[in-house]
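Just below is one structure, and these are the notes that go with it.
The values are calculated or read from the model by the stated rules, or taken from the named source; none is laboratory data. Keep in mind that this is a model prediction, so the values were computed, not measured. Note: ideal-geometry Cβ built from the backbone for every residue, glycine included; neighbour counts use all protein chains shown. We work out accessible area using only protein heavy atoms, side chains counted, and drop any ligands, DNA or RNA first. Shrake-Rupley method; radii C 1.70, N 1.55, O 1.52, S 1.80 Å.
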Amino acid sequence: MQQTDERFQDFYALIPAGGVGSRLWPLSRGARPKFLYDFLGSGRTMIQATFDRLSAIAGGDHVAVMTGVAHADAVRAQLPGLDARNLFAEPVGRDSTAAIALATAILAKRHGRDVVVGSFAADHVIRDDEAFRECVAQAAAAARAGYVTTIGIAATRPSTAFGYIRQGRSLAADTPGAPDVRMVRAFVEKPDAATAQGYLMTGEYRWNAGMFVMRAGVLLDTLARLKPRIHETVTAIADAWDADDDRRASMMERLWPGVEKIAFDYAVAEPLAAEGGVAMVPGGFGWDDIGDFNSVAALIPSADRYNNKIIGDGDRVVCLDSAGNVVAPAGGEGRVIALLGADDLVVVDTPDALLVAPRARSQEVKRMVAALAAHGRDAIL
């Protein structure tokens, strides 16, 4: 789809597609992470849905994906509309700052430092695409005014699973085209339950979904000042990226493993917010981060009147006197899962691993993955 909205003529969307999603093990694994799955039964995987949403805004040729070399072929297969030049593959994961910085440096080299780039994770669920488009348009307008701009999600509950953004004064007078934009006073880490409840009561805090929109030159200049080694490395790689395949591969192999591994929030957003350089657009478009099996369950309909949720083929699950379970049977010719008198469990079956856990401990599946790794079970991770 070609872009038609003049508000996005200079806009390029970035999709970081990394991480294993270990809280969704044994479905999500190192060889096939969660963004390659259709958890919601929509007919589109998470990265496909993200690409659809962003290409409708920016045009397919203005969307780039950053992922690991191991997942590049799967991404190409799932996204035939992605321009091959806009798939940036990393030999090893170096976290979000390096991925966003490299893609931005390459796009700045190709199209100039005044282009606006926006980073949006591959594994988020957004319900209202039109409202999302309007938020991105405001964020792009604030970016053109010189801010690194984030989108703050309306907090619907005192969640301890997300970081928060503390909003400040309106910046509407300084940012044409962004009537709702506000200053960011601070980013705060995932709180405990009491602190999260306090945040909601103030009305000043929104969830941090890790969405960032900024002019390429603003980001690169900020990195040069705050993280000069990262800036130096990504600039050198970007200069070689389109030269020839051998030179690119050589530069990545030699330089990329040494790039500092640090999240964008820590490297850029938090210190820049303290200087007054970060803005926020309130997002009210219905957002979810599929971070564990509880969050998947919240987004799919109940399979029966007992609130059992089934991920996949419901014909392979039988529940008797059982309620509130999340069940994922193995695909293909997998066995039937029969639950009798079992409540509030997560049961996930795959050909080589079976997970059974209380739903209340869904966030702790990551601990099980760490325990399996400690026991040398890397083959199933």
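Out of 142, 155, 172, I need the residue that is of a type in the set (A, V, I, L, M), in contact with a strand residue (DSSP E or B) (Cβ under 9 Å, 6 or more places away or on another chain) and modelled with pLDDT under 95. Which one?
155
Which of the following residues is more than 17 Å from residue 288 (Cβ to Cβ), outside any loop (DSSP other than H, G, I, E, B), open to solvent by 20 Å² or more (accessible area, probe 1.4 Å) and among the aliphatic types (A, V, I, L, M): 31, 56, 49?
56
Touching a Lys or Arg at 6+ places or on another chain (Cβ under 9 Å) and β-branched (Val, Ile, Thr), is that true of residue 57?
yes
Identify, from the list 195, 222, 233, the residue that is touching a strand residue (DSSP E or B) at 6+ places or on another chain (Cβ under 9 Å), over 23 Å from residue 286 (Cβ atoms), open to solvent by less than 70 Å² (accessible area, probe 1.4 Å) and touching a residue at least 12 places away in the same chain (Cβ under 8 Å).
Exactly one residue qualifies, and that residue is 222.
So, in the stretch 326-352, exactly how many residues are of a type in the set (A, V, I, L, M, F, W, C), surrounded by 17 or more Cβ atoms within 10 Å (Cβ to Cβ) and part of a loop (DSSP other than H, G, I, E, B)?
Of the residues in the stretch 326-352, 2 are of a type in the set (A, V, I, L, M, F, W, C), surrounded by 17 or more Cβ atoms within 10 Å (Cβ to Cβ) and part of a loop (DSSP other than H, G, I, E, B).
Here's a check for you: in the stretch 362-379, which residue that is surrounded by 15 or more Cβ atoms within 10 Å (Cβ to Cβ) and within 25 Å of the chain's Cα centre (by Cα) is nearest to residue 324 (Cα to Cα)?
Within the stretch 362-379, the match that is nearest to residue 324 (Cα to Cα) is 362.
When you check residue 66 against the structure, is it within 27 Å of residue 218 (Cβ to Cβ) and surrounded by 21 or more Cβ atoms within 10 Å (Cβ to Cβ), yes or no?
Yes.
Residue check: is residue 81 under 24 Å from residue 134 (Cα atoms) and open to solvent by 10 Å² or more (accessible area, probe 1.4 Å)?
Answer is yes for this residue.
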